[in-house]
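Read the structure below first, then the notes.
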Amino acid sequence: MVEGAAPTAKPGINDTATPRPACLQPSSHKPISKRPQAYLRAPHSHSSSRTGNEIRGSRARALPDRALVNCQYSSATFSTGERKRRPHGDRKSCEMGLQLRQTFEAAILTQLHPRSQIDIYVQVLQADGGTYAACVNAATLAVLDAGIPMRDFVCACSAGFVDGTALADLSHVEEAAGGPQLALALLPASGQIALLEMDARLHEDHLEQVLEAAARASRDVHTVLDRVVRQHVQEASVLLGD
Amino acid sequence: MGEEKLIASVAGSVERVNKLICVKALKTRYNGEVGDIVVGRITEVQQKRWKVETNSRLDSVLLLSSMNLPGGELRRRSAEDELAMRGFLQEGDLISAEVQAVFSDGAVSLHTRSLKYGKLGQGVLVQVSPSLVKRQKTHFHDLPCGASVILGNNGFIWVYPTPEHKEDDAGGFIANLEPVSLADREVISRLRNCIVSLATQRMMLYDTSILYCYEASLPHQIKDILKPEIMEEIVMETRQRLLEQEG
């Protein structure tokens with residue numbers, strides 16, 4: 001099992017105007033501690049992820065020219081307000097796994113690993129909205145730590161539209177309110193979108209605004225992740241005496 | 001990309017040689033190169049070859065024709081040899097081998113065409129990251145403290161008791177199953193803990209560093225070496241000694 005190590009990071013997601021309830025102070029910085037697995041603590045959701053490519057993948061599914069990416073999502077029973085046992089193969093986990101797979105197939109350079117399988121396991125430890133985004137960010141760190149070549153960081157954020165303003169990084173309360181919300185996974189350097197998902201109704205005039213809010217928040221996440229990864233690599237190289 | 005900018009695909013240290021820019025990732029799977037010594041574990045016995053696990057992205061291959069026959073004889077491998085494959089190497093056996101070739105997809109082909117390679121007998125395996133094993137002229141070392149070590153380039157390190165006499169006739173097939181004395185076992189355990197502590201502190205592993213670490217750890221008990229404070233102390237001392245020796 002190749003496990004991703006977590007560098008320390010303090011994410012600061014900026015969202016636009018509207019005053020939001022006290023629990024969602026955008027400036028709340030939570031330090032991430034160094035653990036053997038990539039552990040990301042975003043202002044709302046915490047998730048941990050690791051990559052493993054030692055499992056013997058099925059020979060029948062091996063692709064001759066590129067790697068197979070396999071993502072599994074699971075949610076801890078204590079992650080939401082009420083303790084809820086989620087069976088492993090349930091619909092939400094499968095769907096989330098599929099979305100993660102689509103995101104990472106776009107980002108990982110799979111041509112460099114023919115006939116191999118890359119497994120990414122993500123587990124959400126605390127869910128308070130934006131779980132897809134937290135999973136993507138944590139998985140990016142894990143893949144980077146495993147040394148698997150990627151096109152770019154994949155940074156994600158959710159965004160919604162409430163009372164005429166676009167809001168980034170929604171909490172569970174805001175998501176449950178029923179407004180439109182979209183999840184965006186971005187490759188920051190080129191500005192390419194790895195995944196954009198929304199299942200609600202949003203007037204097309206507002207789409208631009210909401211997308212812009214999500215993109216800006218994703219770029220902020222990228223700054224933090226970039227700084228953290230560089231710091232981690234520097235510390236490790238110093239130890240190696242390079 | 002519109003601008004002339006180079007973006008790395010992995011996070012690691014940059015090495016620049018004239019116009020060649022290389023980014024070496026901190027922690028990767030083993031990438032085979034011809035001539036490397038590896039220690040691997042047999043995972044499958046197939047027709048005319050064995051699949052060996054060497055901490056790389058794809059399983060390595062050991063062809064029957066690349067394996068030394070007992071007695072060191074050189075002849076064409078027959079159907080009986082194929083049927084007797086499991087008698088030579090089974091699933092779970094450890095071997096030391098050399099990389100003969102690398103396939104286009106990155107899989108590595110091994111050979112044991114020398115009497116110093118072959119099945120490994122009693123000893124301890126330590127798994128570290130491949131980037132920590134220093135490339136040297138020889139990877140088989142007989143340490144003066146009483147044990148021998150094989151530093152596989154793939155990050156598998158094998159520590160074993162030094163054999164009293166060189167067994168040339170066996171060709172590396174017959175595993176020596178005589179009981180190992182307590183003194184030897186202690187030396188091997190101490191060495192193993194030293195290697196683990198060097199790897200945790202991300203120090204390059206080669207015979208000198210392992211030996212210095214062993215000597216620095218002598219005042220402590222074997223089981224204490226793995227405690228974080230003592231580990232740091234021992235590795236610090238090793239590092240200092242290595243710097244003095246080079247400077």
ask   = Within the range A:72-115, can you find the residues that are within 14 Å of another protein chain (Cβ to nearest Cβ) and among the β-branched types (Val, Ile, Thr)?
value = A:Ile108, A:Thr110
inquiry  = Quick check on B:Met231: is it within 21 Å of B:Ser129 (Cα to Cα) and either surrounded by fewer than 18 Cβ atoms within 10 Å (Cβ to Cβ) or modelled with pLDDT under 90 (or both)?
reply    = no
task = Could you grab me the full set of residues in the range A:116-129 that are surrounded by 19 or more Cβ atoms within 10 Å (Cβ to Cβ) and within 14 Å of chain B (Cβ to nearest Cβ)?
result = A:Ser116, A:Gln117, A:Ile118
message = Suppose we filter B:Arg113, B:Arg202, B:Arg190, B:Arg135 for residues that are modelled with pLDDT under 90 and buried (at least 19 other Cβ atoms within 10 Å of the Cβ); which single one remains?
response = B:Arg202
key: Criterion (out of contact with any Leu (no Cβ under 6 Å at 6 or more places or on another chain) and without any contact (Cβ under 8 Å) to a residue 24 or more places away in the chain) met by exactly one of B:Asp224, B:Asp207   = B:Asp224
query = For the range A:145-157, what are the residues that are within 11 Å of chain B (Cβ to nearest Cβ), of a type outside the set (D, E, K, R) and not in a strand (DSSP E or B)?
reply = A:Ala146, A:Gly147, A:Ile148, A:Pro149, A:Phe153
ask   = Is it the case that some residue within the range B:135-149 is at positive phi and within 14 Å of chain A (Cβ to nearest Cβ)?
value = no
request  = Look through A:Leu170, A:Leu207 and report the one residue that is modelled with pLDDT of 90 or more and of a type in the set (A, V, I, L, M).
outcome  = A:Leu207
inquiry  = Whether any residue in the range A:195-217 is exposed (fewer than 14 other Cβ atoms within 10 Å of the Cβ), more than 16 Å from the chain's Cα centre (by Cα) and within 14 Å of chain B (Cβ to nearest Cβ) is what I want to check.
reply    = no
request  = Specify which of the listed residues (B:Gln122, B:Gln136) is out of contact with any strand residue (DSSP E or B) (no Cβ under 6 Å at 6 or more places or on another chain) and over 15 Å from B:Leu151 (Cα atoms).
outcome  = B:Gln122
key: Candidate set from the range B:156-172 (those that are within 15 Å of B:Ser96 (Cα to Cα) and in contact with a strand residue (DSSP E or B) (Cβ under 6 Å, 6 or more places away or on another chain)); member that is modelled with the lowest pLDDT   = B:Gly172
message = Please go through the range A:226-241 and give me each residue that is surrounded by fewer than 16 Cβ atoms within 10 Å (Cβ to Cβ) and within 7 Å of another protein chain (Cβ to nearest Cβ), ordered by number.
response = A:Leu239, A:Leu240
task = Would you check which residues across the range A:166-199 are in a loop (DSSP other than H, G, I, E, B), among the aliphatic types (A, V, I, L, M) and within 25 Å of B:Ser9 (Cβ to Cβ) and list them?
result = A:Ala189
remark   = When the range B:21-76 is checked residue by residue, the ones that are modelled with pLDDT of 85 or more and at positive phi are B:Gly35, B:Lys48, B:Asn55
Search result, residues across the range A:87-132 that are among the polar types (S, T, N, Q) and within 20 Å of B:Asp105 (Cα to Cα) = A:Thr110, A:Gln111, A:Ser116, A:Gln117
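Residues checked against (1) without any contact (Cβ under 8 Å) to a residue 24 or more places away in the chain; (2) within 14 Å of chain B (Cβ to nearest Cβ); (3) of a type in the set (D, E, K, R); (4) surrounded by 24 or more Cβ atoms within 10 Å (Cβ to Cβ):
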residue: A:Thr140; (1), (2), (3), (4): no, yes, no, yes
residue: A:Val143; (1), (2), (3), (4): no, yes, no, yes
residue: A:Ala159; (1), (2), (3), (4): no, no, no, yes
residue: A:Val162; (1), (2), (3), (4): no, no, no, no
residue: A:Leu167; (1), (2), (3), (4): no, no, no, yes
residue: A:Leu170; (1), (2), (3), (4): no, no, no, yes
residue: A:Ala176; (1), (2), (3), (4): yes, no, no, no
residue: A:Ala185; (1), (2), (3), (4): no, no, no, yes
ask   = Residues of the range A:139-189 being more than 28 Å from A:Arg201 (Cβ to Cβ) and aliphatic (A, V, I, L, M), which ones?
value = A:Ala139, A:Leu141, A:Ala142, A:Val143, A:Leu144, A:Ala146, A:Ile148, A:Met150, A:Ala189
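So that you can scan it fast, the table gives a plain yes or no per residue for (1) within 14 Å of chain A (Cβ to nearest Cβ); (2) not polar (S, T, N, Q):
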residue: B:Thr28; (1), (2): yes, no
residue: B:Glu33; (1), (2): no, yes
residue: B:Leu62; (1), (2): no, yes
residue: B:Asn68; (1), (2): no, no
residue: B:Arg76; (1), (2): no, yes
residue: B:Glu82; (1), (2): no, yes
residue: B:Leu89; (1), (2): no, yes
residue: B:Asp105; (1), (2): yes, yes
residue: B:Leu110; (1), (2): no, yes
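The values are calculated or read from the model by the stated rules, or taken from the named source; none is laboratory data. Owing to the predicted nature of the structure, the values given are computational and were not obtained by experimental measurement. Methodologically, a virtual Cβ is constructed for each residue, glycine included, from the backbone with ideal geometry; neighbour enumeration extends over all protein chains shown.
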